[in-house]
Amino acid sequence: MENELTKDRILHCLNYNQETGIFTWIISPCHSVPIGKTAGTKLARGYLHVRIDGHVILAHRLAWFLIYGYWPIYIDHINGNTGDNRITNLRESNNRKNQQNQKRHRAGKLVGAHRVRNRKGGDPGISGGKSWKSVICLNRKKIYLGVFKTAMDAHRAYIEAAKRLEERIA
């Protein structure tokens, strides 16, 4: 569906400010929306979506398409703020990287990626209480990274392993 919209049509309807990440209407999409109004509706997890000619598109995907000219499979918000659609905050990603950068639930659980059993945890790949276990997954197999005295040490081990795996895969 995204592929049916052209860059010319989008630019005819919307203005995108790369520095703020905000879309505004150049033409009014309906009688209740004035020209110049901020485009997009906020979804439950903070993402914005914009409706153009019956197509509903996530704003970060729209921004990427306008700047780079193609629709990637995954886009990651670098700072984790799903409402921040500045082009400098967006990067093309893969599913694993995108999941690792997701925000944590208020209960300390990561949204959508590795589930942490202990509410005291919250960082991806670690769990524990008195001691902290660190684990990372590759090709649906768990790789045990060790037991650590602090959550911070366990998290560092996870981050280092993720970087090493990323270098091996790339």
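Some observations on this one:
- Any hit, the stretch 12-31, residues being under 11 Å from L62 (Cα atoms) and hydroxyl-bearing (S, T, Y): yes
- Some residue of the stretch 40-57 being of a type in the set (D, E), assigned to a helix (DSSP H, G or I), more than 22 Å from S93 (Cα to Cα) and in contact (Cβ under 8 Å) with a residue 40 or more places away in the chain: no
- Test for L90: is it crowded, with 18+ Cβ neighbours inside 10 Å, of a type in the set (A, V, I, L, M, F, W, C) and modelled with pLDDT of 85 or more: yes
- Selection from the stretch 1-42 of residues that are more than 24 Å from G69 (Cβ to Cβ), among the aliphatic types (A, V, I, L, M) and surrounded by 13 or more Cβ atoms within 10 Å (Cβ to Cβ): V33
- G83 vs. criteria surrounded by 12 or more Cβ atoms within 10 Å (Cβ to Cβ), at pLDDT 90 or above and in a loop (DSSP other than H, G, I, E, B): yes
- Restricting the stretch 1-39 to residues that are in a helix (DSSP H, G or I) and at pLDDT below 90 leaves a set whose member that is farthest from P72 (Cα to Cα) is E4.
- Subset of the stretch 120-150 [modelled with pLDDT under 80, crowded, with 18+ Cβ neighbours inside 10 Å and within 22 Å of G80 (Cα to Cα)]: G121, G122, D123, P124, G125, I126, S127
The values are calculated or read from the model by the stated rules, or taken from the named source; none is laboratory data. Note that this is a predicted model, so its numbers are computed, not measured. Cβ atoms come from the backbone with ideal geometry, glycine included; neighbour counts cover every protein chain shown.
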